[in-house]
1. Please report the carbon-and-sulfur percent of the accessible area for region 113-158; probe 1.4 Å, protein heavy atoms only, DNA, RNA and ligands left out.
2. Select from region 100-187 those GluC sites (Glu not before Pro) which occupy a DSSP coil region and have at most 15 other Cβ atoms within 10 Å, ordered by residue number.
3. Could you give the dipole magnitude of region 72-188 about its Cα centre, charging the beta-carbon of Lys and Arg +1 and that of Asp and Glu -1, in debye to the nearest 20?
4. Which length gain, in nm to one decimal place, applies between Lys184 and Asp71 when the Cα-Cα distance is subtracted from 0.36 nm times their residue separation?
5. Kindly report the accessible area of region 116-188 per residue (heavy atoms of protein chains, probe 1.4 Å, no ligands, DNA or RNA), in Å².
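The values are calculated or read from the model by the stated rules, or taken from the named source; none is laboratory data. Since this is a predicted model, take the numbers as computed values, not measurements. Don't worry about glycine lacking a Cβ; one is built from the backbone with ideal geometry, like all the others, and counts go over all protein chains shown. Each accessible area value is taken on the protein alone, full model and side chains, heavy atoms only, with ligands, DNA and RNA left out. Shrake-Rupley method; radii C 1.70, N 1.55, O 1.52, S 1.80 Å.
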Amino acid sequence: MRLRRTAALLLLPLLVTVGCGSAATPAAAPPPASPSAAAPSSGAPDRPSDATSMICNPYFRQELAGALGTDTTQPLAPTWEKRVYNCEYHYADGSMTLSVKELPDAATALAQYDGLRGSAGAVTDLNGLGEAAYKRADGTTVVRKDAFVLTVDVAKLPETFGTPPRSRADVAVMTATTVMICWKEHSS
């Protein structure tokens, strides 16, 4: 019951503020994820899907800065290797890394997620986030949705972070929730 109440308190500001880049796209910025971005691009393994690349999109960065009450101190510089898209968010007092592993289908994503969960040690299940989610002891959150596995690694953040200050575990859940809201917003 306490986890549900905490999750609801964390989600309320996000539901009000998250727009996920629905504003007009400036010429220099990549476009926000398209409605067809709910599944990875099966024919183009040389680039991430629009949904995946959204985690490093300038609009998403702005939404996350609003939700966390702090912005990055360095430009975002995504990487794409072996169907994993990484984006590190550098802050004045730490960093967090968002990554999405694109898999060929939901069954493979389930196997990947289960493997990560099995090797994570003690975890806490997070109900209502993606199709399945958990957080590790260091606060890192892992979410499975469709053929994607999202990881929000907060191990390099201080114990409390943001304005107002939140535990790094809460920051990870807020960030993962922001991604899920954006993915849902752009898949409908």
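1. That share works out to 45 percent.
2. Glu131, Glu159
3. 60 debye
4. Length gained, Lys184 through Asp71: 38.3 nm.
5. 41 Å²
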